[in-house]
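Below is one structure, written out as structure tokens, with a few remarks after it.
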Amino acid sequence: MNKKILVSLSFLLITLSVLGQKPKKLNTNQIYEKVQKLNFLGSALYVAAHPDDENTRLIAYLANKVKARTSYLSLTRGDGGQNLIGPEIRELLGVIRTQELLAARGVDGGEQRFSRANDFGFSKHPDETLNIWDKDKVLADVVWAIRTFKPDVIINRFDHRTPGTTHGHHTTSAMLSVEAFDLAADQTKYPEQLKYTSTWQPNSLYFNTSWWFYGSRENFEKADKSKMLNFDIGVYYPLKGVSNNELASLASSQHLCQGFGRLTTRGGQTEYVEFLKGKFPKDKKDIFSGINTTWNRVSGGGAIGDILYDLEKNFDFVNPSKHLPSLLKAYQLIDGLKDEHWKAIKSKEIKEIIEACAGLYLEASAKTSSTTPNSDIKVDFEALNRSGASMDLTSIEWLPSKKVVNKDIALSDNKRKNFTETIAVGSLEYSAPYWLVDNWGLGMYTVKNQELRGNPETSRPIQVKFNLMIEDTSISFTKNVVRRYSQRDKGEIYEPFEILPKVTTKLRDKVLIFSNSDSKEVAVEVRSGEANTSGKLALQVPNGWSVTPKEAPFNIDQKGDKRVIKFKVSPSKAQSEGYIKAIATVGNKNFDKELIEITYNHIPKQSVLLPSKAKVVRLNIKKEGKEIGYIQGSGDAVPESLRQIGYNVTEITPEEINESTLNKFDAVVVGIRAYNTKKVLQFKQKHLLAYVKNGGNVVVQYNTNRRVDVKPPYDLQLSRDRVTDEHAKVEVLAKEHLVLNYPNKISDKDFEGWVQERGLYFPNKWANEFTPILAMNDKGESTKKGSLLVAKYGKGNYIYTGLSFFRELPAGVPGAYRLFANLLSVKEN
């Protein structure tokens, strides 16, 4: 294999393991590909609804083969999905999936955008979707994406003409894209956006079709393809050492929390797009045919093209620094372009190439990974020129303060320059995901700043602009302040630098269930964001509840250290629910945020600030039994929820399962997706069934129906049946069954206040030994009776449920607790 290919492939694999955490260091193959992309002036916008909806094959093809600037507009951040790698759900899951999308784009070469739409969970029809989303706001965001990205072509992942045949969010994304295609050029529509951008009319709109949308390959073979374009997206990239399909598989595999890790594939593969509106291309093999994608597209671009096309043709892979004079001349010409859109895009691209060709390394590394507003931080700087070019570091500038420090340091070839500066932070906002700063609703996030809308993440709070003079050309490079350090067992680590509150608090239990009038001890963790912090902590409780003490002092000497303060909370006499909030006071300032740090190896560390609160519920609940065994699946908070109502919960791994480990439990619960994610369970099923046969209770929560067998004692077939309306009427089928009557009498009231959905992946066929307990359905659909099935097996009970207890219990839904207690308590019927 060619040595250049080996180097490129190894670099790609290294990049995947630390994606987004270490600075890019381009080899000459990658620099050359950047030059090719610099010489293509065309853009494509791909539109769908969720992270992992995108066709990474087509995005990779457009970005790497065609060299187009390609972006994926995901209307949501995937907040309503499930998490296979950890306990984070809802808005925290949205943070993870945002970063996974950015990691995927880092592999396939695309960019990433979003709307303000909140993924509220599965939706069966666009009517329901648009009833929960604010259609006008989401449509405005799609128009905003078109006006700011200015795509020549738009490609929808889904078909706007088939509502009700797939996820409602999917079809809605296509419907809004079709509508926005024309609105983006109308200056009377969303005129407030035109303060920051201009109208834009894309050239053409397509639907990324395939045999799947036709029901079978045979049907697709017969379909009229006169309006379809097709490309072989299995092309091989010698400079990378991988094919487009391999690249796409690696990109998709970044969606780890959704279980998208997959094998790479190779070989030719045809991709189809169906023309919907606009101008039909001249060449059905080229989606950009008929569109000027050369430098002549912009006024004054001809001279730039003369320089850069020649550079591309004669690129020196051994000594790319020889091209610096030409690149700097082209940079100056780009800087003089009147077309502000292409000027901004191409200036950024060529500066990255200049930096790489010069072997330029610029870094600003803080001594710590965070600080507080109005503080000072020490930052270590490194500047290194690894070329023979004449170069000086004239000054550095803090952003956003714009304070300039003159340097006038000559950067000689391969002579590293290091220095330290103290930065005055000023009164900066906390660094947190911008869409989680203001209160949000079920269907929409609140983003008041128009210029933030659509951005994948919040910009880093402190940046440094390195102002240089290279061969008599003034040029600057902006870098985020980071924290770079090493650990002996991990090596070099880069962490984002954050601005965080002086104090954060954390209620250890996010839901507190009071099953009687007894008070409970409530632990609050106080974390200091700076050294020598003292203050007082108080709990706010709902009316009718009480807390002692009213407030408690704290003093923390070291930054990052924590103190735990305990309060006694007494519930109301009657059944009620509400929230308790932790508020720390330092001086005359109150702090009411919790800091959640999300750390996974495949994404950068995330710091999220959310209100420091916990739901409290005074609940009339009875239960039988004490000891519960819990077999975790993909991860959920049900074990802690059960502890809240007085159970002793022991979490056991599938490997630990045998008859002796199970016999001590009054009931055993199998976590969500356990049979999907824990393959060893199939070998342990005999022990679970023996436990039931001898008189135990086993409660199996939902699994997806994809190539899985939950191995029940009697025939049971999973389906994709689900009820997405959390308010859907619940009909009782087995009114006298013990599971609805002991030890708690379950009524209609127990199905009030549920969140996101009733349940998912219900069985649709089962043996006569199973008794269906409940029936429910979404509007306009047939009744689903498989949400809760109970079968007597030997002396015990085997219970299968698709009800979404994994959402309801952490949300503190009273009726869900009462019903789950019954599932654990039932012994005979």
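The values are calculated or read from the model by the stated rules, or taken from the named source; none is laboratory data. Keep in mind that this is a model prediction, so the values were computed, not measured. All Cβ positions, even for glycine, are placed from backbone atoms using ideal geometry, and neighbour counts span all protein chains on display.
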Subject >> Residue list for the stretch 673-696, filter: of a type in the set (V, I, T) and at pLDDT below 95 >> reply: T677, V680
Original post:
Picking from S370, S387, which residue would you name as being of a type in the set (S, T, N, Q) and closer than 30 Å to I596 by Cβ?
Top reply: S370
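Considering only the stretch 765-829, give the strands (runs of 3 or more DSSP E) lying wholly within it that have at least 1 residues that are free of Cβ contacts under 8 Å to residues at least 40 places away in the same chain and either out of contact with any His (no Cβ under 7 Å at 6 or more places or on another chain) or crowded, with 23+ Cβ neighbours inside 10 Å (or both). Break it down stepwise before answering.
Values: elements: 770-772, 774-776, 788-793, 796-801.
Passing ranges, in order: 770-772, 788-793.
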Subject >> Among (1) in contact (Cβ under 8 Å) with a residue 24 or more places away in the chain; (2) outside the structural domain of K34 (by TED's automatic domain parsing) - the single one V298 does not satisfy >> reply: (2)
Subject >> Every pair of residues 6+ apart whose Cβ atoms lie under 7 Å, when the first sits in the stretch 78-96 and is buried (at least 22 other Cβ atoms within 10 Å of the Cβ) while the second is among the aromatic types (F, W, Y) and modelled with pLDDT of 85 or more >> reply: G80/F120
Subject >> Close pairs from the stretch 745-759: first outside the structural domain of T801 (by TED's automatic domain parsing) and at pLDDT 95 or above, partner assigned to a loop (DSSP other than H, G, I, E, B) and surrounded by fewer than 12 Cβ atoms within 10 Å (Cβ to Cβ), Cβ under 9 Å, at least 6 apart >> reply: none
Original post:
Does V708 fit the bill of being in contact (Cβ under 8 Å) with a residue 12 or more places away in the chain, under 30 Å from A690 (Cβ atoms), in the same structural domain as L688 (by TED's automatic domain parsing) and part of a helix (DSSP H, G or I)?
Top reply: no
Original post:
Restricting to the stretch 426-465, what's the tally of residues that are touching a strand residue (DSSP E or B) at 6+ places or on another chain (Cβ under 6 Å) and either under 28 Å from S395 (Cβ atoms) or hydrophobic (A, V, I, L, M, F, W, C) (or both)?
Top reply: 8
**OP:** Would you mind finding the one in D136, D79 that is more than 30 Å from V242 (Cα to Cα) and either part of a loop (DSSP other than H, G, I, E, B) or within 14 Å of the chain's Cα centre (by Cα) (or both)?
**Re:** D79
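Let's see how each residue does on (1) surrounded by 14 or more Cβ atoms within 10 Å (Cβ to Cβ); (2) under 22 Å from Q82 (Cβ atoms):
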| position | (1), (2) |
| --- | --- |
| Q632 | yes, yes |
| S641 | yes, yes |
| V649 | yes, yes |
| T653 | no, yes |
| S660 | no, no |
| G696 | yes, no |
| V708 | yes, yes |
| D715 | no, no |
| D721 | yes, yes |
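How about the stretch 588-651: which strands (runs of 3 or more DSSP E) wholly inside it have at least 2 residues that are more than 30 Å from V680 (Cβ to Cβ) and in contact with a helix residue (DSSP H, G or I) (Cβ under 8 Å, 6 or more places away or on another chain)?
Those strands (runs of 3 or more DSSP E) span 606-611.
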**OP:** Pull up the stretch 739-764, narrow it to residues that are exposed (fewer than 15 other Cβ atoms within 10 Å of the Cβ) and acidic (D, E), then point me to the one that is farthest from D119 (Cα to Cα).
**Re:** D748
Original post:
Within the stretch 712-730, can one find any residue that is farther than 30 Å from E752 by Cβ, in a loop (DSSP other than H, G, I, E, B) and modelled with pLDDT under 95?
Top reply: no
Original post:
Hey, any hits in the stretch 538-548 for a residue that's among the β-branched types (V, I, T) and in a loop (DSSP other than H, G, I, E, B)?
Top reply: yes
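Is it fair to say T446 is surrounded by fewer than 18 Cβ atoms within 10 Å (Cβ to Cβ), outside the structural domain of Q756 (by TED's automatic domain parsing), under 29 Å from I493 (Cα atoms) and in contact (Cβ under 8 Å) with a residue 12 or more places away in the chain?
Spelling it out, it is not the case that T446 is surrounded by fewer than 18 Cβ atoms within 10 Å (Cβ to Cβ), outside the structural domain of Q756 (by TED's automatic domain parsing), under 29 Å from I493 (Cα atoms) and in contact (Cβ under 8 Å) with a residue 12 or more places away in the chain.
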Original post:
For the subset of the stretch 395-440 comprising residues that are small (G, A, S), surrounded by fewer than 18 Cβ atoms within 10 Å (Cβ to Cβ) and in a loop (DSSP other than H, G, I, E, B), which member is modelled with the highest pLDDT?
Top reply: S412
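Quick test for you: out of L276, L263, pick the one residue that is closer than 30 Å to G78 by Cα and loosely packed, with under 13 Cβ neighbours inside 10 Å.
L263
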Subject >> Cβ pairs under 7 Å, 6+ apart, first in the stretch 485-501 and over 30 Å from E429 (Cβ atoms), second at pLDDT below 95 >> reply: S486/E492; S486/I493; Q487/I493
Original post:
Can you tell me which of S427, S459 is of a type outside the set (A, V, I, L, M) and without any contact (Cβ under 8 Å) to a residue 12 or more places away in the chain?
Top reply: S459
Subject >> Hits in the stretch 364-379 (condition: out of contact with any Leu (no Cβ under 9 Å at 6 or more places or on another chain), surrounded by 15 or more Cβ atoms within 10 Å (Cβ to Cβ) and either under 18 Å from N414 (Cα atoms) or of a type outside the set (V, I, T) (or both)) >> reply: A364, S365, A366, S369, S375
Subject >> Residue check, F220 free of Cβ contacts under 8 Å to residues at least 60 places away in the same chain and farther than 26 Å from T98 by Cα >> reply: yes
